[in-house]
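Read-outs throughout are calculated quantities, based only on the coordinates presented, and are distinct from any laboratory measurement. These numbers were taken from a predicted model, which means no experiment stands behind them. So basically every Cβ, Gly included, is an ideal-geometry build from the backbone, and we count neighbours across all protein chains shown.
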Amino acid sequence: MENTYVSVMSFLSDEELQAYIQHPEKYVPEAIEAAVAEMKKRGRVFTPEEEGQIRQLIQRRKEEYRKMMQMEPVLSPPVPELSSSRAVVDKPEGIPALYPESSLYIISLLFNPFFASILLAINCRRTGKREAVPVVLSFGFLYMILTLFVIGLLKLNIYVTLIFNVVGALLLHHWLWKKYLGQYATYQPKPIWGPLLVFLLITVPLLLIAYFHNGLSFSS
């Protein structure tokens, strides 16, 4: 029978995988086996003593699980995480909730790639890629400054910024997303309405200030 937990384990960090053998009482034996297999896949080498201990704890969990099933033949035994393949489909444990890739383009076009970089930085933080957060935010900020400088220097039409925004979104997606989040082929899409509202509350007053400031300067 196929182990339904194998695909889920690829989304977990090394620390989360380690918890399956440190606290085996929380997990079903199939989940422990899948976690160990994923650790080996990532290059983790177990000593013969560790291999023996892992086999013993998996066997012990199988016996405990079998006894639990015999005691409660009608009700499904309570399993804290990853209790069934249905749970993996309906509420996939270990699969991160991320702002989708499409949000990078939406936010970049509506506002600026810097705001899209904020969403990408949040995604990186959610997946434990903390070292990527300053890189992503620095790129977004520097790209915004560069865009404003080039447009101001060449006195380009304001609508040209859309081209810069598209290029920025492409770089965020095909460079930084692929670099830091490329392994997450599957994730739970997180709604962007919250950030969208926040960005509106930030940019609308700034646009109004710029508009009235230019108007006053023009009239004088």
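General observations
- Debye log10 I(q)/I(0) at q = 0.21, 0.22 Å⁻¹ for the range 127-212, Cα point scatterers: -1.28, -1.32
- Distance in nm between pseudo-label sites at R60 and H23 (7 Å out along the Cβ direction from Cα): 1.7 nm
- Full extension of the chain segment joining E16 with I202 gains 63.3 nm, where the gain is 0.36 nm per residue of separation less the Cα-Cα distance.
- Dipole of the range 97-219 [Lys/Arg +1, Asp/Glu -1 at C-beta], most positive-end residue of P113, F212, N123: N123
- Lysine pair number, Cα distance threshold 28 Å (strictly under), the range 97-219, separation 8 or more or different chains: 5
- Take every Cα pair under 8 Å whose residues are at least 6 apart in sequence, average their separation, divide by the length of the range 116-157, and the relative contact order is 35 percent.
- Length gained on full extension, I209 to K178: 7.4 nm, using 0.36 nm per residue less the C-alpha separation.
- Long-range HN-HN contacts of L98 with modeled amide H, under 5 Å: Q188, K190
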